[in-house]
Amino acid sequence: MRHLLRMNDLPADEIMRILKDAERFKTGKSLLQETPKFVANLFFEPSTRTRFSFEVAEKRLGLNVLNFDASLSSVQKGETLYDTVRTLEAIGADAVVIRHPDDEYFTELQDSISIPILNAGDGCGHHPTQSLLDLLTIQQEFKRFEGLTISIHGDIKHSRVARSNAEVLKRLGANVLLSGPEEWRDPLNKFGQYVTTDEAIKTSDVVMLLRIQHERHQGENEGLTDYHRRFGLTLERENAMKPNAIIMHPAPINRGVEIATELVESRKSRIFKQMENGVFVRMAVLKRALESAKLNEEENTYA
Ligand code: CP
């Protein structure tokens, strides 16, 4: 059989052979070590770093990558997120990586989908793997979190990175400062104290900058002008940083807006280090998720 194009090309005995082989493969699925594993990457929003570092991580772990393109999928015919993920699970994906514009898109999935779902960013909600790679970068630099002052600057209200980082950094004992335009303060943010941009930059061990999330603003920032001078990391502000302080940014970067172009790859910048760390953190996350799924499967098999 060179191609499978029409059922009437298939003789009955060939059909029976295929069904038998399919049954064999189905039984073999529990032999996890010998079965190739598949991870599906579902990105419903643009991404460069998260998407490709997940893909590199998956390939380095020897996993098979299913890259889902929403524009070529049955989402275009009205299929729901749940049915899409349930389908991928049914056809053999061992884990799914999902980025989606809706806050907490995963609440409708988490109780019914058995394979691991790795959140690659949900709306203004969470970005756990970005947060983990940020933690790794800070740990490599300072060997601790306790007692560090870490300031997060800019569009806090719309930033899933800010929300994930502020919470975990506070939990790990860092002093979190927030700064940026009044309009983009997050009234729900209980993890950090708002101070002026100059005050935050002078006192921080880590200056964490954010992109302005225009795509989530719905016109509300149109009056804001002169952002770089008022709230950005200018060359003058960089001069006021502590000698061993570092600059971080989850990227993509708007050079000349939240950060002066000259500072993106300056001595204090760890921006590309963060991206490098993203691959290792995602490898670690995938490994843990797949190991824990395997343990659950074994428990269910022998229960
Ligand atoms: N930091 C981050 O999530 O970048 P991408 O949107 O390019 O994945």
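Find which of 139, 124, 228 sits farthest along the positive direction of the dipole of the chain, computed with +1 on the beta-carbon of Lys and Arg, -1 on that of Asp and Glu, about the Cα centre. Final value for the positive-end residue is 139. All Cα-Cα distances of the chain, cut into 20 Å bins from zero to the largest, leave 29, 49, 17, 4 percent in each bin in turn.
Length available on full extension from residue 216 to residue 253: 0.36 nm per residue minus the Cα-Cα distance, which gives 11.7 nm. Applying 0.36 nm per residue to the separation of residue 194 and residue 235 and subtracting their alpha-carbon distance, the gain on full extension is 12.5 nm.
Electrostatic bookkeeping for residue 185 treats Lys and Arg as +1 and Asp and Glu as -1; over the other residues with beta carbon under 11 Å from its beta carbon, the sum is -3.
Here the spin labels are modelled as points 7 Å beyond Cα on the Cα-Cβ line, and at residue 112 and residue 26 they lie 2.2 nm apart. Of the DSSP beta bridges with both residues in the range 36-145, give the percent that are antiparallel, rounding to the nearest 5. Beta bridges within the range 36-145, antiparallel portion: roughly 5 percent. Placing unit charges on the Cβ atoms only, positive for Lys and Arg and negative for Asp and Glu, gives the chain a dipole magnitude near 880 debye about its Cα centre. Treating each Cα of the range 129-269 as one equal point scatterer and applying the Debye formula with no solvent, the log10 of I(q)/I(0) at q = 0.09, 0.12, 0.21 Å⁻¹ comes out as -0.23, -0.42, -1.40. For the range 129-269, the Cβ-based charge dipole about the Cα centre amounts to some 440 debye (Lys, Arg positive; Asp, Glu negative; other atoms uncharged). Protection proxy ranking of 5-18, 278-291, 138-151, 159-172, by the mean of other Cβ atoms within 10 Å over each peptide's residues and highest first, is 159-172, 278-291, 138-151, 5-18.
For the range 217-274, GluC sites (Glu not before Pro) meeting the loop criterion (DSSP other than H, G, I, E, B) and having at most 16 other Cβ atoms within 10 Å: 220, 222, 265. With 26 Å as the limit, write out which pairs from 26/77; 20/287; 202/273; 170/268; 170/294 have Cα-Cα distances beyond it, or answer none. As for pairs spanning more than 26 Å Cα to Cα, those are 26/77; 20/287; 170/294.
Segment residue 9..residue 280, full-extension length gain: 92.8 nm, with 0.36 nm per residue of separation and the alpha-carbon distance subtracted. Entry note, the chain: the mean residue ellipticity at 222 nm calculated from DSSP H runs of n ≥ 4, each adding -39500 (n - 2.57), is -12000 deg cm²/dmol after division by the residues and rounding to the nearest 500. Label positions at residue 69 and residue 144, each projected 7 Å from the Cα along the C-beta direction, are separated by 5.1 nm. Short-range pairs are left out: with C-alpha atoms under 8 Å and at least six residues apart, the relative contact order of the range 159-233 is 31 percent. Could you grab the relative contact order for the chain? Cα pairs under 8 Å, six or more apart, rounded to a whole percent. Here the relative contact order equals 16 percent.
Sequence-distant contacts, meaning Cα pairs under 8 Å at least 6 residues apart, place the relative contact order of the range 129-269 at 25 percent. Centre-to-centre, using Cα atoms only, the range 141-197 and the range 235-300 are separated by 15 Å. Assuming charge only on the beta carbon of Lys and Arg (+1) and of Asp and Glu (-1), the dipole of the range 71-148 about its Cα centre is about 260 debye to the nearest 20. Which one, 109, 97, 244, projects farthest toward the positive side of the charge dipole computed for the chain from Cβ point charges (K/R +1, D/E -1)? The Cα lying farthest towards the positive end belongs to 244. Of all DSSP bridge pairs formed entirely within the chain, close to 5 percent run antiparallel. Seen against the Cα atoms of the chain and their longest principal axis, helix 49-60 is set at about 50 degrees.
Read the figures in this text as sums done on the coordinates, not as results from a lab. Please read these numbers as outputs of a predicted model, since none were measured by experiment. Cβ atoms come from the backbone with ideal geometry, glycine included; neighbour counts cover every protein chain shown.
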